[in-house]
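S.K.: Quick one: the structure is below, and I'll ask about it shortly.
The values are calculated or read from the model by the stated rules, or taken from the named source; none is laboratory data. Small disclaimer: the values here were computed from a predicted structure and weren't measured. Using ideal geometry, Cβ is built from the backbone for each residue, glycine included, and neighbour counts are taken over all protein chains shown. Note: areas computed on protein heavy atoms with side chains; ligands, DNA, RNA excluded. Shrake-Rupley method; radii C 1.70, N 1.55, O 1.52, S 1.80 Å.
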Amino acid sequence: PDKKHALMVEINIALFKLYFDDSDEIYKAFKKLILKNIDSLERSDINLHFIRMIRFCIARKNVKSTGIDFQKELFSLYQFILEKGYYKNLNDNYLPVELFRMVVMLGLEMKKFDWVFNFIKKYYTKLHPDRKSNMYNYSMASYNFYLKDFDQALRYFNKIQLNLFMMKVDYKNIMLMTYYELRMYEPALSLIDSYKHFLSNSDILTDRLKKLMKSFILIVEKMIPYKTTFKPMIKYTIKKTLSDDIPYYDWIVEKVN
C-alpha cells in the first residue's frame, strides 16, 4: 500500500532483470520506469540507475541491435545527465573525472568535434579544482590528436603534470600514437620501455587490462621498424597478432595499411 516502497520494489525488479537479461526491451522498460518516476527518487538512486544504464550501453555499443543504436543512446544519456546535473550527489557537486573522460572519448569516436570542443570549454570548470587543469590539457590533447593536429596535441600533453594525473594509461596510449604520427620514434621507444615497467609494477590495473595494453604497445613497437624498413615479414607478424579487442584497433589497421 505504500507507494514509495512499491516503486522501490518495481525498480529493483526491473534492475534485476537488466542484470540478467541483456535484451533491448528490458533496457527500454527500465529506462522508461526511471524517467517516469525520476522526481520521486533520491539523488543517490538516480546516480546508481544512470550508471547502470551507461554500463549497459557501453557493453552493447559494438553489438548489433535490432532496435537501438547504443552509441547514439549512450551519447543522449550523457547529454541528459549533464543538462539535468544528475552527476551531482549529496556529498559532491563536482563533475566526475571518469564521466568527463567518457563523454570526450565518445564524442571524438563519433566525430562530433565541434560539440566536444564546446563541451570541454563549458564543463571542465565543473571538475574538482585539483583535477581540472590536467583533464583540460588531456582532453584538448585528445581532441587535437583526433583532428590530426599532432603538434598541438603534443603541446597539450607536455602541460600535464603526470605525477598528479589519474588517467596515466590513457595518457601513455595517446602520447605513444602521437609520437608515432610525428615520426618521433626514439621517444616512442623510450615511452614503450617505461610503459612496460609501469604495467609490470602496477597493483591497480586488472590482469585483463594489463594484457590488452601490453598487446597494444607490442604492436606499436613492431610498427616502428616496419615504418623504417618496410620488411613484409614484420607486417605479417603484426596482422597475425592483431585482434579487434586491442585498444585503438582502427588506428592500428589504418597505420599498417
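S.K.: Test LEU95 against the criterion of being in contact with a helix residue (DSSP H, G or I) (Cβ under 8 Å, 6 or more places away or on another chain), assigned to a loop (DSSP other than H, G, I, E, B) and touching a residue at least 40 places away in the same chain (Cβ under 8 Å), and give yes or no.
M.R.: no
S.K.: Are any residues in segment 176-202 in contact with a helix residue (DSSP H, G or I) (Cβ under 6 Å, 6 or more places away or on another chain), open to solvent by 10 Å² or more (accessible area, probe 1.4 Å) and touching a residue at least 12 places away in the same chain (Cβ under 8 Å), and if so, which ones?
M.R.: TYR179, TYR180, GLU181, LEU182, TYR185, LEU191
S.K.: Filter segment 72-88 for residues that are part of a loop (DSSP other than H, G, I, E, B) and touching a residue at least 24 places away in the same chain (Cβ under 8 Å); which is most open to solvent (accessible area, probe 1.4 Å)?
M.R.: LYS88
S.K.: Would you tally the residues in segment 36-51 being open to solvent by less than 40 Å² (accessible area, probe 1.4 Å) and within 22 Å of the chain's Cα centre (by Cα)?
M.R.: Of the residues in that region, 4 qualify.
S.K.: Look through TYR156, TYR171 and report the one residue that is hydroxyl-bearing (Ser, Thr, Tyr), in a helix (DSSP H, G or I) and without any contact (Cβ under 8 Å) to a residue 24 or more places away in the chain.
M.R.: TYR156
S.K.: Within 16 Å of PHE100 (Cα to Cα) and not in a helix (DSSP H, G or I): does that describe MET140?
M.R.: The answer is no for MET140.
S.K.: Okay, moving on. Farther than 17 Å from ALA141 by Cα, surrounded by 15 or more Cβ atoms within 10 Å (Cβ to Cβ), among the aliphatic types (A, V, I, L, M) and under 21 Å from the mean Cα position of the chain (by Cα): is that true of ILE246 in this structure?
M.R.: So ILE246 fits the description; yes.
S.K.: Being in a helix (DSSP H, G or I) and either over 30 Å from ASP250 (Cα atoms) or among the charged types (D, E, K, R) (or both), is that true of even one residue in segment 62-71?
M.R.: no
S.K.: Pick from segment 12-35 the residues that are of a type in the set (Gly, Ala, Ser) and open to solvent by less than 40 Å² (accessible area, probe 1.4 Å): which of them is farthest from the chain's Cα centre (by Cα)?
M.R.: Going through the qualifying residues, I end up with ALA14.
S.K.: Give the residues of segment 228-240 that are assigned to a helix (DSSP H, G or I) and open to solvent by 70 Å² or more (accessible area, probe 1.4 Å), sorted by residue number.
M.R.: Listed by number, the residues that qualify are THR228, PRO232, MET233, TYR236, LYS239, LYS240.
S.K.: Could we say that LYS159 is surrounded by fewer than 16 Cβ atoms within 10 Å (Cβ to Cβ) and either in contact with a Lys or Arg (Cβ under 9 Å, 6 or more places away or on another chain) or farther than 27 Å from ASN201 by Cβ (or both) here?
M.R.: Considered against the rule, which asks whether it is surrounded by fewer than 16 Cβ atoms within 10 Å (Cβ to Cβ) and either in contact with a Lys or Arg (Cβ under 9 Å, 6 or more places away or on another chain) or farther than 27 Å from ASN201 by Cβ (or both), LYS159 comes out as no.
S.K.: Next up: How many residues are among the β-branched types (Val, Ile, Thr) and at pLDDT 95 or above when one looks only at segment 175-210?
M.R.: Result for segment 175-210: 2.
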